[in-house]
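Each value in this text was obtained by applying a stated rule to the coordinates, not by laboratory testing. In this text, all values refer to a predicted model and were calculated from it rather than measured experimentally. All Cβ positions, even for glycine, are placed from backbone atoms using ideal geometry, and neighbour counts span all protein chains on display.
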Amino acid sequence: MNIEALGDAWSAADVPELPSGRWLHVAPLARHEFPLETIAALARRRRVSLDGQGLVRVPEVGPLRFDDNFDRDILRHIWVLKLAEEEADVVGDVPALGVREVLVTRGSRGSTVWVGGRAEEIPARALPGDPTGAGDAFSVSYIVARNAGFAPAGAARRATAVVASLLAQ
């Protein structure tokens, strides 16, 4: 994958007045788009879910590169961190991140939900559909289920079912 242009960075002042709600999902394409101050401002009124690509993708034009050179203070403001398997490999020791809920997705091999340093495996199965957007659908479905009162593992099972239904179409 190549990055042809970088998106704008959001400052705390750029964040519009948001409607009521408990959760907010942020899905930056590279780490520069939502700096620490912006995430902290968002987290003052919401539980923030963050797509981990926004931590490990190096903000530069050209071939996509990952590294772990992100400001770890940002993690204090994150309630849910969703990492694809390759992103989890970059950040390293997932339980040591200190995030309340960490989701590591592995495509047709399912996901792992980390809560309080404990892992629970959530199975999935291979489906023939194009997986583009599956991680976003998983994240949003997870947050909807958590908001509805599901525990983390139950929310991940629900999100897995939603993604499977989308891929099966």
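See the values below:
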quantity	calculated
Long-range neighbours under 8 Å by Cβ, at least six apart or interchain, first residue under 14 Å from THR112 (Cβ atoms) within region 63-90, second among the aromatic types (Phe, Trp, Tyr) and in a helix (DSSP H, G or I)	VAL80/TYR142; LYS82/PHE138; LYS82/TYR142
Inter-residue pairs, beta-carbon under 9 Å, first touching a residue at least 40 places away in the same chain (Cβ under 8 Å) and in region 104-121, second in a loop (DSSP other than H, G, I, E, B) and among the small types (Gly, Ala, Ser), 6+ apart	GLY110/ALA124; SER111/ALA124
Candidate set from region 118-169 (those that are in a helix (DSSP H, G or I), surrounded by fewer than 19 Cβ atoms within 10 Å (Cβ to Cβ) and among the polar types (S, T, N, Q)); member that is farthest from the chain's Cα centre (by Cα)	SER165
Tally of residues being among the charged types (D, E, K, R), part of a helix (DSSP H, G or I) and in contact with a Leu (Cβ under 7 Å, 6 or more places away or on another chain) across region 60-86	1
Among the residues listed as ARG22, ARG57, the single one being touching a Leu at 6+ places or on another chain (Cβ under 8 Å) and of a type in the set (Lys, Arg)	ARG57
Boolean, ALA88 is more than 19 Å from SER141 (Cα to Cα) and under 15 Å from the mean Cα position of the chain (by Cα)	yes
